[in-house]
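> Sharing a structure below in structure tokens format, with a few things to ask.
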Amino acid sequence: MFRFIHTADIHIDSPLHRLEAYDGAPVSDIRQASRRAFENLIDLALSESVDFVLIAGDLFDGDWKDYHTGLYFVSQVRRLGEAGIRVFIVAGNHDAAGRMTRHLPYPDNVHVFSARKPETVIIEPFKAAVHGQSFASAAVSDNMAVSYPEPGGGYFNIGLLHTSLNGRPGHENYAPCTLSDLAARGYDYWALGHVHRFEIADHEPMVVFPGCIQGRHIRETGPKGCVLVTVREGLPPETVFHPLDVIRWESIDVDLTGAAGPEEAIDILKDRLEALVVENDPIPLIVRATFTGKTAIHARIAGDPEYWRQAVRASALSAFGERVWMEKIRIETQPVQPPGPKSADPGPLRELEALTAAIKNDPQVLQDLAEELGPLFRKLPVEYRQDMEALQPDDADQMRRIIDQSHDLLVRRLMRAGGGT
Amino acid sequence: MKILKLNLIAFGPFQDAAFDLSGGASDFHILFGPNEAGKSSALRALRNLLFGIPVRTADNFRHPHTALRIGARLAGPDGQEIAFIRRKGQNKTLRAEDDRTLLAEDALAPFMGNIGQDLFEQMFAIGHDDLVRGGQEIISGGGRVGQALFSAGAGLIRLQAVQQELTLACDDLFKPAAQKPRINALLSQLQETLKSRKDALLHAKEWKDRESALHETQTHLEAIGSRLTNLKQQRARLERIRHALPLMARKKEIDHALVDCRQAPALADDFGRQRIDVEQGLAMARNDLARAAADIEKINGQLAALTVPEKLLEHGPAVSAIQQDLGSYRKARQDRPGLEARMRLLQTQAANQLSEIGIDNTEGKTEHLKLPPRIMAAIQDLAKKYEQLTIRLETNQDQLDKIRNRMAALAKQEKALPVPVDLTRLRAALESAQQAGPIEKKLAESRRAVSEMETRLHNRLNRQTLWTGDMAALDALPLPPMESIDYFAKQFLDAAREIDRQKTDKAAIEADLVNIDIELTGMDLAQEVPTEADLEAARRRRDAGWRLISQQLAGHAPDPSENREFITQFEKAAGLTDAFEQSMRQADRMADRLRQEAAQVSRKALRQAEKAHKHALTDTIGAALDAAVAQHDALAAKWATLWEPVGIVPLSPPEMRAWLADMQTSITRYADLRAARSAEALMTAELESLKILLVRALFSHHKALEPTRPLEELTAAAKACIAAGEKAAEETATVRKELAVLEEESSGLTSSRARLEQELATWKEKWNAGITALSLTPDTGPGAAQSVIDGIRDAKKWINDADTLRKRIDGIDRDCAVFIKKVNDLKTLLAPELDAERPDIVAESLNDRLAAAREAATLRKNLIDQLEKARRDQADAEKQIAENNIRLDSLCREALCDEPEKLAEIEQQARLKKQLFDENEKNEKDLRHLSAGATVDDFIAEAGSMDADAIGPETERMDAEINTLEKESAALNQNAGVLKKELESMDGRAAAAGYAEEAEAVLASIDAEVAQYCRLKIASAILSRTIEQYREKYQGPMIRRASELFRQMTLGSFTGIRAEYDEKGDPVLVGIRPHTNEQVRVEGMSDGTADQLYLALRLAGLEQYLENSAALPFVVDDILLRFDDRRAAATLNVLAELSKKTQVIFFTHHQHLVDLANSELRAVLPVIHTMAV
């Protein structure tokens, strides 16, 4: 019997994306979250006394050039070396081009597979054979699996491969292959990397994506960790998922239908958060809340989104303290008032509504408005544009959403400023 | 929508205040609240009616939250109506008129035309403040047309403020060339963070460069290290050789010196010391021998010269003995004359003393000088006794004198005191008065209580109005018992119940009758139900017609009058045929209906029968009711009879029950009053008797007081009188008591004096007896007797002392004789030549001679001892010499020599040989050390092969090289240290990663702020565009209408308004003056005029709205406050005109506006409602 850990996509030192700090947010929990999660991995390997660790690519982040990161990795795997635990690494699309993976001063217990051709390492005491090949460049479009070595007779054969298999949404299609390609190799276990979500793609043989070990943005929600594999003579390998993340991303829709006032809306949100906190205890959460539904308070919250954002953060803070970090608050609620037949009245507010509706469909006006925002966007640095969610004036859909928000904001302010006895 | 009725059921100060807004001359309603509270509450009620009562309302001060209700009836745009009640609550606040049936929350929606509260208040409500602010807004906006139209059209007042807010908020977020706005600041922060991140980055090359540099340096260091080791080894070898060279030279010298002393024997280490020991020992022994021989010779000579007197020594003890007695002998001889003189003096003294006393003692007899102790003791006792007796007699006399004086004084005092009197009667009177207590006070209280009781009872009787008798008549009042009243009460109750029951029955039947009538009327109204009689009549009519027809058919012309009569029965009948046709149809229809409505008919019949029955029943019940009333009246008569004896007309039994109870209480009170009165009389009598007793008793003590004085004064006088009598009696008793005591003491003292005089006589007898025994005359007093006795005692003592001295003198004489004999005996034997000398001289001389003889004997003994010691020394020295000679021989043998004189030389050679050997050995050891492992011989051979002069320069060269290499090594080590430190700092730290995280956080903040900025910026843009677009669309019609309204409201001081372009080319509003057509910019208008301009625009906007949309009531709250009466009237006219298009509800609390409306409005008359709280 022997046991090993299968992990991938560690992206050490890649920061959590676009996370705004605010007073009371659990800042200390996210500081170097990828390192803390990686240390959890090392601790798990040591406490479980596994026999070896497989890293299926993207150990380092492609954009990240700090050699400190590599040295940090070396210092951690040295701990495994001291416990006699070997480490096998293939480079993935992110760390293929970087010099880090192949040229670090690794201790003896680390083996990095060659990028030139597939290799096999025999681990005689356990009768195990690990086959692997690193990415030679960032974008590999060849089917690498088909050229992996023949399985060793009498050995437990493991294929270590960075691939998107037959494609996964949100992931570049690198080293594509099919499950039958993998099955055809005759291996016992395919340790894959690249896809950031834990998935057992097949059971005969086992084809496993362990996912990344720490979510870094809102598209990487839920628990993240590694797979602990136990191999017993004559039995199929057993896999157990172990969460390693130190803070967890969650995105929730909060339906405010029927909420009569802001307090009620906050209560609905708190109930949702409470359930999440309990479910993920004791891991702190980064939560994006999208408010939906038809509600009487639509005008109030859509009309003053800044105020609503502060209110939501303050109440999450008071209810859950450092357990919850409100990442973003999106308001997609709708007014309760039935659309009904509107009067043909030419009142100024109706005029405003009509004009708002009209400009959303007028490319020329959209462009004019974008131009008004030009002085700001020309000042914004390239880093700003790197986030796909970041507002861009040339994105018509985004502009339409902003125009709707502006309209709500305007109506709220005009009403507040209105007369009447 | 129109409000038909507004009912403030329970709201604010109102309770069921209803306003009918449906009727009247017009839809212009003025709601006049005489006070501010009423008006504003009603205004709020109107608003809350339509949009709900807010959670926190101040209108609950009269009615609790749950009771708040506003009712209304509304008419919708399509003529539909709704009546409802609005209550306070979270939901389900709409109810139907019954306040129970729930209405849907959106039940009002069809009436409100999709207008929410906010919009309603902006469009359809205007107050004075709004008007003022609207006017100011127009002025501050410079009259810009777009803004003015837009804000008037929507009822907005702070449009400019909103525009400014948006601009300011944008500027707070971002400005293209600034540092402070939030986004600018964040961008700077981002730049700094990115720079920090870049600075913190470690490039792989940096680390590798240092690592290989370190490796290189370490290799170089190792090479230098091995060269240094080699050099140092060589240098050390040369150094050893250099140190070995002098050692090798010395080795040669030693080898040479050893040749000379090779034969010397090996001697023990202490050989030298032993040799010197022996030689010195020999010399000393020879010396000792010579000295001993000299001593012996000398001592023998001294002995020969010495002589010792043996005979003297033989009697030595006797000579010593007399020498010892010599001192005593000489002392006694010296003392004897003094002793004899003292003896004679004592004898003379004693004789003189005795002769003084009168005793002749010339013969020296002493028998009669004896003083027997028994008599002496008795005489001394008697002397003491005499003294005591004398003192006691004197004391007795003193006391007796004092007592007699005091007795005389007391007798005088007694005579001066008053005579005692009898107080018994007075005391008895006082005691009675005191036992009676504060009787006067009690009496006063009792009187007050009685009068109070009287007053109360009197008032009590006056309070009841039925009976008018005096209090004294109470006891005799013939009141009926309570049971009788109870009996009547029950009877009355039964009678009343019977009447009620009959009345109820009657009412029920009457109600039934009404119902039946209603039903019957209903049946008739619905459609007169035909009766059989009706059918019969119709048929008869038809038959009549048929008769006429058949007559006609038969060719007989019917009777024209009959014919006409028949035809006229049917409306619009053209002729007989037509009439008959109708009659036939009527009869048929009647028959049909009778058949069809048989049920209805029978029901009607049934109801009619029921009605008849009920009427009959009514009569019966009427009779029963009359009987019950009669019975009641009879009972009332009996009731009155019951009270006749008392003389009153009774009220109802329950009332009389209360009255009776009250009267009984009064009777009890009257009994109490009488008891109190008699108690008071008793008390008065007692007081009088007490006073009389006291007055009489006092009179007997010569105190005359009137009995009318208060008891308290009388008792005080009695007390004073008693106190005075008691005091006098007490003083007399005291004096008499003391006199008796003194009398007794005086007689005691007199008898003790007699006893003392008796004792003195007895003493005299005893004294005389004792004194005679001492041969003294009987009249000798105790003092004289004592001095004779003392004289005899002294004389006796002196005689005894003289005898003692005599005996000592005799002893001295005896001792002298013995001493002289012993001296003379020894003189004869030992020193006859001293025959002539005094014995004491002889004794001394003999003693001196004995001392000299003893000295000579001692000297001789010493000399003999010395001689013996010298002889022993001689023998010892000889023995020493022999022993040392033997040791000397032994040393010679060890040194292998025959002659002791040569021993020293041999010894020196042996020591030299040993030194050389030792040095040689050390030398070899050092060499072996320097040879560093090689044998000494090899080393010497190797060293010998070296050129000794080359060693110095070679070492110096090596030192120089070592120095250079060491410096180089230190520099390299330092370099390696720096590199190591640098590599250590490249420890995988997360500084750069930390900055990357910070940058992400800053970017996230930028994201949020950018979005907000875009919202605000676009909002501002949209608003400007909307204002402009609105102006373009509605400028023409709105300004036209507003111009007309403005002209009306300003009473023609402006002919209107129009749009003109200002300096910047923006369209602005201007007022136009009549005649001159002068343009007046809004800045030039008065506040009131600006208000009117704003109102004109508002009304124009409202009319614009009403053209295309459903109307809602226009609610106006006292907007005319700043208008003068004429303009106010003009404006009221405008509002009245507006009421033709939509309902106008004008709230005011100013009477003059109401009056103005009444007097000035012509075309449209307002409906005035006054709100009464």
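> For helix B:936-945, report the angle its Cα long axis makes with the longest principal axis of the Cα atoms of chain B; keep it between 0 and 90° and round to the nearest 10°.
Helix B:936-945 and the main axis of chain B meet at about 80 degrees.
> So if R0 is 41 Å, what FRET efficiency would B:Lys981 and A:Glu322 give, r being the distance between their Cβ atoms, rounded to the nearest 0.05?
So the FRET efficiency works out to roughly 0.60.
> Please sort B:315-324, A:406-415, A:87-96 by packing, taking for each peptide the average over its residues of neighbouring beta carbons within 10 angstrom, highest first.
A:87-96, A:406-415, B:315-324
> Which distance in Å, rounded to a whole number, links the C-alpha centroids of region B:183-231 and region B:1-59?
When both Cα centres are located, 86 Å separates them.
> Let me ask something additional. Pick out, from A:Ala358, A:Val227, B:Thr468, the residue whose Cα sits farthest towards the positive end of the charge dipole of the protein assembly as shown, with +1 on the Cβ of Lys and Arg and -1 on the Cβ of Asp and Glu.
B:Thr468
> Using a Förster distance of 41 angstrom, determine the FRET efficiency expected from the C-beta separation of B:Gln413 and B:Ala436, and round it to 0.05.
Rounded to the nearest 0.05, the efficiency is 0.45.
> Now, a different point. Between B:Ala591 and B:Gln136, 0.36 nm times their residue separation minus their Cα-Cα distance comes to what?
Full extension of this stretch gives 155.4 nm more.
> I'd like the mean, over residues of A:402-413, of how many other protein chain beta carbons sit within 10 Å of each residue's own Cβ.
Per-residue shielding by partner chains comes out at 6.
> With labels modelled as points extended 7 Å from the Cα through the Cβ direction, what inter-label distance (nm, one decimal) is found for B:Ala268 paired with B:Ala720?
Between B:Ala268 and B:Ala720, the simple spin-label model gives 15.0 nm.
> Work out the mean other chain Cβ neighbour count within 10 Å for the residues of A:8-17 and drop it here as an integer.
Average neighbour count from other chains, rounded to a whole number: 3.
> Also, I was wondering about something else. In region B:827-843, which residues have a backbone nitrogen under 13 Å from the label point lying 7 Å from B:Gln323's Cα in the Cα-to-Cβ direction?
B:843
> Points 7 angstrom from Cα along the Cβ direction at B:Glu239 and B:Ile296: gap in nanometres?
For B:Glu239 paired with B:Ile296, the spin-label model returns 8.0 nm.
> Using the Cα centre of region B:1054-1173 as the reference point, and only Cβ charges (+1 on K/R, -1 on D/E), how large is the resulting charge dipole? Debye, rounded to the nearest 20.
320 debye
> Now for a different question. Just order A:69-82, B:1063-1076 by mean Cβ neighbour count inside 10 Å, highest at the front, would you?
Order by mean packing, descending: A:69-82, B:1063-1076.
> Let me ask something additional. What is the local net charge at B:Val646, summed over the other residues whose Cβ is closer than 14 Å to its Cβ (Lys, Arg +1; Asp, Glu -1)?
My count for the surroundings of B:Val646 gives -3.
> Please compute the average number of Cβ atoms from other chains found within 10 Å of each residue's Cβ in peptide B:984-997. Each step should come with its number before you reach the end.
Working: counts 0, 1, 4, 4, 14, 5, 10, 2, 7, 13, 4, 2, 8, 13.
The shielding value for this peptide is 6.
> Identify, among B:Leu1069, B:Val978, B:Ile1006, the residue whose Cα sits farthest towards the positive end of the charge dipole of region B:961-1081, taking +1 on the Cβ of Lys and Arg and -1 on the Cβ of Asp and Glu, with the dipole about the Cα centre.
With unit charges placed on the Cβ atoms, the residue in question is B:Leu1069.
> Ranking B:Ser689, A:Ser164 by Cβ neighbours within 10 Å, fewest first, what do you get?
Lowest count first: B:Ser689, A:Ser164.
> Simple spin-label model, 7 Å along Cα-to-Cβ: B:Ser689 to B:Ala472 in nm?
Distance between the two pseudo-spin positions: 2.9 nm.
> Let me have the relative contact order for chain B, percent, based on Cα pairs under 8 Å that are six or more residues apart.
RCO, chain B: 32 percent.
> Follow-up. Taking only Cα atoms, what is the 0 to 90° angle, nearest 10, from helix B:782-830's long axis to the longest principal axis of chain B?
Once rounded, the angle reads 50 degrees.
> What is the Cα centroid distance between region B:805-854 and region A:102-164, reported in whole angstrom?
Taking the Cα centre of region A:102-164 as reference, the centre of region B:805-854 is 156 Å away.
> Summing -39500 (n - 2.57) over the DSSP H runs of n ≥ 4 in chain B and dividing by its residue number, what mean residue ellipticity at 222 nm do you reach, to the nearest 500 deg cm²/dmol?
Calculated mean residue ellipticity at 222 nm is -25500 deg cm²/dmol.
> Given +1 on the Cβ of Lys and Arg, -1 on the Cβ of Asp and Glu, and no further charges, what dipole in debye does region B:235-298 carry about its Cα centre, rounded to the nearest 20?
840 debye
> Quick one: which residues, 5+ away or cross-chain, put their amide H under 5 Å from the amide H of B:Ala17? H built at 1.01 Å from N.
B:Leu8, B:Ile9
> What's the angle, to the nearest 10 degrees (0 to 90), between helix B:532-553's Cα axis and the longest principal axis of chain B?
30 degrees
> Moving to a separate point now. Divide by every residue of chain A the summed helix terms, -39500 (n - 2.57) for each DSSP H run of at least 4, and state the resulting mean residue ellipticity at 222 nm, rounded to the nearest 500 deg cm²/dmol.
Taken over chain A, the calculation gives -10500 deg cm²/dmol.
> Also, quick follow-up: Can you say what percent of the DSSP beta bridges in chain B, counting only those with both residues inside, are antiparallel? Round to 5.
Antiparallel: roughly 65 percent of the beta bridges in chain B.
> Going toward the positive end of the dipole of region B:1033-1173, with +1 on Lys and Arg Cβ and -1 on Asp and Glu Cβ, which of B:Ile1039, B:Leu1106, B:Ala1059 do you reach last?
B:Leu1106
> Net charge near B:Lys827: determine it from the other residues with C-beta under 13 Å of the C-beta of B:Lys827, scoring Lys and Arg +1 and Asp and Glu -1.
-2
> Specify the inter-centroid distance of region B:403-438 and region A:261-281, based on alpha-carbon positions, in whole Å.
Result: 112 Å between the Cα centres.
> OK, next. Which order results if B:Thr167, B:Thr777, B:Thr217 are arranged by neighbouring Cβ count within 10 Å, fewest first?
Numbers: B:Thr167 13, B:Thr777 10, B:Thr217 20.
Placing the least packed residue first, the sequence is B:Thr777, B:Thr167, B:Thr217.
> By how many nm would the segment from B:Ile391 to B:Glu855 grow when fully extended, if each residue of separation counts as 0.36 nm and the alpha-carbon distance is taken off?
Gain on stretching B:Ile391 to B:Glu855: 158.2 nm.
> What's the local net charge at B:Arg872, with K and R +1, D and E -1, over the other residues with C-beta under 15 Å away?
Taking every Cβ under 15 Å from that of B:Arg872, the sum is -3.
> Could you give the length gained by full extension between B:Gln880 and B:Glu712, i.e. 0.36 nm per residue of separation minus their alpha carbon distance, to one decimal place?
Working: separation 168, 0.36 × 168 = 60.48 nm, distance 15.24 nm.
My answer for the length gained is 45.2 nm.
> Nothing charged except the Cβ atoms of Lys and Arg (+1) and of Asp and Glu (-1): what's the magnitude of the dipole of region B:447-559 about its Cα centre? Round to the nearest 20 debye.
On the way: 15 positive and 21 negative charges, 105 e Å.
Dipole magnitude for region B:447-559 comes out near 500 debye.
> Residues of region B:89-115 with backbone nitrogen within less than 14 Å of a virtual label 7 Å along the Cα-to-Cβ line of B:Gln80, please, listed as ranges.
Only B:104-114 fall inside the zone, counting backbone N under 14 Å.
> Sort A:His162, A:His194, B:His613 so that the residue with the fewest other Cβ atoms within 10 Å of its own Cβ comes first and the one with the most comes last. Let's see the in-between values first.
Details: A:His162 30, A:His194 26, B:His613 12.
Listed from fewest to most nearby Cβ atoms, that is B:His613, A:His194, A:His162.
> Run through region A:240-334 and list the GluC sites (Glu not before Pro) located in a DSSP loop whose Cβ has at most 15 other Cβ atoms within 10 Å.
A:Glu332
> How high is the FRET efficiency between A:Asp271 and B:Val55 when r is their beta carbon distance and R₀ equals 22 Å, given to the nearest 0.05?
Numbers: r = 23 Å, r/R0 = 1.04.
The pair A:Asp271/B:Val55 has a calculated efficiency of 0.45.
Taken together, the values in this text are just the output of simple stated rules run on the coordinates, not laboratory data. Please read all numbers here as calculations on a predicted model, not as lab measurements. Don't worry about glycine lacking a Cβ; one is built from the backbone with ideal geometry, like all the others, and counts go over all protein chains shown.
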